[in-house]
1. Is one or more of the residues making up region 150-158 at pLDDT 95 or above and open to solvent by less than 20 Å² (accessible area, probe 1.4 Å)?
2. Being in contact with a strand residue (DSSP E or B) (Cβ under 7 Å, 6 or more places away or on another chain) and β-branched (Val, Ile, Thr) is the filter; apply it to region 166-214 and report the residue that is farthest from Pro142 (Cα to Cα).
3. Name the residue that is surrounded by the most Cβ atoms within 10 Å (Cβ to Cβ), counting only residues in region 35-82 that are in contact with an Asp or Glu (Cβ under 7 Å, 6 or more places away or on another chain) and aliphatic (A, V, I, L, M).
4. So which residues in region 112-124 are in a loop (DSSP other than H, G, I, E, B) and either open to solvent by 10 Å² or more (accessible area, probe 1.4 Å) or free of Cβ contacts under 8 Å to residues at least 12 places away in the same chain (or both), if there are any at all?
5. What's the number of the condition Gly143 fails, among (1) touching a Lys or Arg at 6+ places or on another chain (Cβ under 8 Å); (2) surrounded by 16 or more Cβ atoms within 10 Å (Cβ to Cβ)?
6. Across region 4-34, what is the number of residues that are open to solvent by 30 Å² or more (accessible area, probe 1.4 Å), at pLDDT 85 or above and not basic (Lys, Arg)?
7. Of all residues in region 183-209, which are closer than 15 Å to Leu147 by Cα and loosely packed, with under 14 Cβ neighbours inside 10 Å?
8. Going by what's in this entry, would Ala164 be described as touching a Gly at 6+ places or on another chain (Cβ under 6 Å) and not in a strand (DSSP E or B)?
Amino acid sequence: MQRSELSKPNEHIVVKKNWFRHLIYHRQSVHDDLSDGFAQLFSDPDVAIQSGELIKAGDKTTLAKVTINNTQLVIKRYNIINHWHAMLTAVKVSRAHRCWVYAHVLEELGLDTAGPVAMMEYRFGPIKKTSYFVMRYRQGNPGRNELAHASPEQIDHCMEALSADLQVLHQNKITHGDLKATNYLWHDDHWVWLDLDATRQHSLLRTFTIAWFRDMHRLLRNWDNFPHIKTSACEHIPWLKNLKSDT
């Protein structure tokens, strides 16, 4: 599926858009798993967040786990921080919409991520306000926790898998934008990629190169207090080798 098709109605995707709201969801997910609960969820997603299990309550984002028809979901709300942030949000592609798009992009490239179910934006015409991304709940151990207590052999194995995933991103000129070690989970012998709201696919080699090495610097900083993990990372992830002396 082309990226442009992810925001258009088709046999797989439903789009409901008016002056005040923009909603996109997967037809199969809604009818097979969510049924009537979907209407309740999106009639007032804030009520669903308040009644769910709160995962994170930050200034920028709020996350809650909810269960609808025995399906576990996570709702991520992108909050408006202040008046200046509201003006920037109004004219940019929403972070929820970016998550929706790149979750599909990564899946098509063979990388695992929390399955996208829906995204919604509150609007006033073209002016965007608060947005929401709904994904399937994924179990797994965050990268920091998984590697901090792993054996040397398991660390090497995890880094080899991470390097393979990064190779896919590099080949497609995609940067994640926030490679802190809580944004990828180790599950069933592979990585699950999360928090895609800063992810980009670059058309220019120069901008990609700058953003890529910013990603690599952020990745390596995860292991500043774990020299044995940093050593394994530099051995298995080729773009880190030249950064080792800088961190």
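The values are calculated or read from the model by the stated rules, or taken from the named source; none is laboratory data. None of the values given here were measured: they were computed from a predicted structure. Quick reminder, even Gly has a Cβ in these numbers, built from the backbone with ideal geometry, and neighbours come from all protein chains shown. Calculation scope for accessible area: heavy atoms of the full protein, side chains included, ligands and nucleic acids excluded. Shrake-Rupley method; radii C 1.70, N 1.55, O 1.52, S 1.80 Å.
1. yes
2. Checking each candidate, the answer is Ile174.
3. Checked region 35-82; the qualifying residue surrounded by the most Cβ atoms within 10 Å (Cβ to Cβ) is Ala64.
4. Gly115
5. (1)
6. 4
7. Selection gives Asp188, Asp189.
8. Numbers: touching a Gly at 6+ places or on another chain (Cβ under 6 Å): no; not in a strand (DSSP E or B): yes.
Taking the combined requirement at face value, the residue does not satisfy it.
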